[in-house]
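Student: Let me begin by handing over the structure; questions about it come next.
A short reminder: the numbers here are calculations on the coordinates, not readings from a lab. All values derive from a computational prediction rather than experimental measurement. Cβ atoms come from the backbone with ideal geometry, glycine included; neighbour counts cover every protein chain shown.
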């Protein structure tokens, strides 16, 4: 019942299943696998798509001939397995050139190099079929506010995205941008730290029509926010272009844990929301297996991400069909139409009628809602007691 199928659109990045278990305190524990090997690994576990940073696929110092050979081999692997490339992105954070940022670096040469690198990476992504391009500004920030003018840095960021948006349109690419936020790490403070910040920033862009967001569970949980609420706002604004699924203990470093392995209840509400609204874009798992894992356990990690999503999807359907829950929701949202007169937009007559209406404030304050009962029914459902 919980086997992934292509219509689920489950994807992983080369950097996720290819993570070698390195951390700031330890060297790699798993050997490197080639992009071709990782495509076959993903096909084995039943994934639909593979995503990549430019240098996950083509080393930053590769010659053109080396690039062409790598890309040709990768295309063959995609053809052999049926795996698709729905999203691509640029690594603007690993190389020492980006130690002070990319689009927001103080050095104009670095900002220009970042735009050049991104254009080339966009070309590569489109060549391989990507229709979404994610921007994560991992180095776009500061350790000391003495080092940068925030307003100027945001102008540089906007200038870069406007240039790249125009480039995509000029090339005739079928490509949308998705901006990914994070509050901190690797910088002490990263600009545009939350999905809400990104949504506001998009409204200032010249080509905001092709720019949305890529919210990530871990990044919003690091800030102590309710991830589903961030996703819901992006969806309501028509800007949920991509999503990164993983898990995270609040207040910790970016853990990128297996989806649903920590905050199962929050994961349930997220899955329920995505399925309720009919989200039909990739469900991308931006997570890593434990450092204790070998590659067999990496496969178990990848299967676990997808399996948990599908189990929670089933629970969401059960929630929708549970008679007791439906009765409670009907009670909670009951509306006999008494106050429909002011809805549907302002008129002077509506305002006058509403101002003259007599409300029983004491009675309103005495109304209770059975939220404890409803929430326990959700817990019962998730724990298999219903």
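Student: Once you have the alpha carbon radius of gyration of the range 238-386, what is it after dividing by 2.2 N^0.38 Å, with N set to its residue count?
Tutor: 1.47
Student: Please quote Rg/Rh for the range 209-319 to two decimal places, taking the Kirkwood radius as Rh and restricting both calculations to Cα atoms.
Tutor: 0.97
Student: With just the Cα atoms of the range 114-214, tell me how far they stretch along each of the three principal axes, in Å, largest first.
Tutor: In descending order, the Cα extents are 41, 24, 22 Å.
Student: Where a ≥ b ≥ c are the square roots of the eigenvalues of the C-alpha gyration tensor, would you call the range 191-266 rounded, which needs a/c under 1.5, or, failing that, prolate if a/b is larger than b/c, or oblate?
Tutor: Cα axes put the range 191-266 in the prolate bin.
Student: Quote the convex hull volume per residue of the range 323-382, based on C-alpha atoms, as a whole number of Å³.
Tutor: About 113 Å³ per residue, rounded to a whole number.
Student: Once every DSSP H run of n ≥ 4 in the chain is given -39500 (n - 2.57) and the sum is divided by its residues, what mean residue ellipticity at 222 nm do you get, rounded to the nearest 500 deg cm²/dmol?
Tutor: That calculation yields -14500 deg cm²/dmol at 222 nm.
Student: Here's a follow-up. List 313, 159 from most exposed to least, where exposure is judged by having the fewest other Cβ atoms within 10 Å.
Tutor: Fewest to most other Cβ atoms nearby, the residues stand as 159, 313.
Student: Among 19, 76, 246, which one shows the biggest mean-square fluctuation in a GNM of the chain, springs joining Cα atoms closer than 10 Å?
Tutor: Most flexible of the set in this elastic network: 76.
Student: I've got another one for you. Over the chain, with a Gaussian network built from C-alpha contacts below 10 Å, which listed residue (373, 99, 252) shows the highest mean-square fluctuation?
Tutor: Sorting by GNM fluctuation, first place goes to 373.
Student: According to the square roots a ≥ b ≥ c of the eigenvalues of the Cα gyration tensor, what is the shape class of the range 148-188, taking rounded for a/c under 1.5, prolate for a/b larger than b/c otherwise, and oblate for the remainder?
Tutor: Details: a/c = 4.34, a/b = 1.73, b/c = 2.51.
It comes out oblate by the Cα gyration axes.
Student: Using Cα springs under 10 Å in a Gaussian network model of the chain, which residue among 62, 43, 293 shows the largest mean-square fluctuation?
Tutor: Of 62, 43, 293, the Gaussian network model singles out 62 as fluctuating most.
Student: In addition: From the square roots a ≥ b ≥ c of the eigenvalues of the alpha-carbon gyration tensor of the range 176-224, which class results: rounded (a/c under 1.5), prolate (a/b over b/c), or oblate?
Tutor: Values: a/c = 2.45, a/b = 1.91, b/c = 1.28.
The shape class here is prolate.
Student: So how do 1, 119 line up by other beta-carbon neighbours within 10 Å, fewest first?
Tutor: 1, 119
Student: To continue, here is another question. Among 242, 288, 8, 53, rank each residue by its count of other Cβ atoms within 10 Å, from fewest to most, as a rough exposure measure.
Tutor: 8, 53, 288, 242
Student: Two decimals is fine: what's Rg over Rh for the chain, C-alpha atoms, Kirkwood radius as Rh?
Tutor: On the Cα set of the chain, Rg over Rh gives 1.02.
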